[in-house]
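Data first, discussion second: the structure below is written as structure tokens.
All of the numbers you see were taken from the coordinates with simple rules; none came from a lab. Being a predicted model, the structure only gives us computed values, none of them experimental. FYI the Cβ positions are ideal-geometry reconstructions off the backbone, even for glycines, and counts take in every protein chain you see.
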Amino acid sequence: MTNPYVPLLVMMALAALMAVGGLSTSVILGPKRYNRAKLEAYECGIQPTPHAVGGGRFPIKYYLVAMTFIVFDIEVVFLYPWAVSFGTLAMFGLVAMLGFLLLITVPFVYEWRRGGFEWD
């Protein structure tokens, strides 16, 4: 009998090979004509404004929105396999998922209290 993880490992190896192959091919075959405009930071064609004194600060909203997507992505990634194998996991699966949902509620409540869901 073969190991059931062999197809998964083959798929991961092929994905890694294609990623590394694509990057290395673009380095080898890509154009190497650098000039001052290409080496500058991309600013949408607008001259950058001077930074605020002390380096300036980003509003916390940027980080809260990013955290919202991360929290819900992680939740979905774990809920799909759990829903598929719910019948075989029985009570252990239910308790484990309730614990996971309790843990995932902590950043949700934090974000709610910080105003991450208030859209201006």
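Below are the figures for this structure:
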quantity	calculated
3J(HN,Hα) from dihedral phi, segment 102-112, Karplus parametrisation 6.51/-1.76/1.60, rounded to Hz, x for glycine, proline	5, 5, 6, 6, 4, x, 5, 5, 4, 5, 4
Whole-number D in µm² s⁻¹ for the chain, Kirkwood Cα-pair radius fed into Stokes-Einstein, 4 °C, 1.567 mPa s	64 µm²/s
Dipole magnitude of the chain about its Cα centre (Cβ charges: Lys, Arg +1; Asp, Glu -1), debye to nearest 20	500 debye
Ranked list, fewest to most other Cβ atoms within 10 Å of each Cβ, for VAL71, VAL109	VAL109, VAL71
Summed side-chain charge close to MET67 - residues other than MET67 whose Cβ falls under 10 Å, Lys, Arg +1, Asp, Glu -1	0
In order through segment 86-97: 3J(HN,Hα) via Karplus (6.51 cos²θ - 1.76 cosθ + 1.60), integer Hz, x for Gly, Pro	4, x, 8, 7, 6, 5, 4, x, 5, 5, 5, 6
Computed lengthening from ILE70 to ALA37, 0.36 nm per intervening residue step minus Cα-Cα distance	8.4 nm
Difference of contour (0.36 nm per residue) and Cα-Cα distance, LEU29 to ARG113	25.1 nm
Vicinal HN-Hα couplings computed from phi for segment 13-30 (Karplus, 6.51 cos²θ - 1.76 cosθ + 1.60; Hz; Gly/Pro x)	5, 5, 5, 5, 5, 5, 5, 5, x, x, 5, 5, 5, 5, 5, 6, 8, x
Two-site label geometry, TYR62 and ALA19: point separation in nm, points 7 Å out along Cα→Cβ	2.5 nm
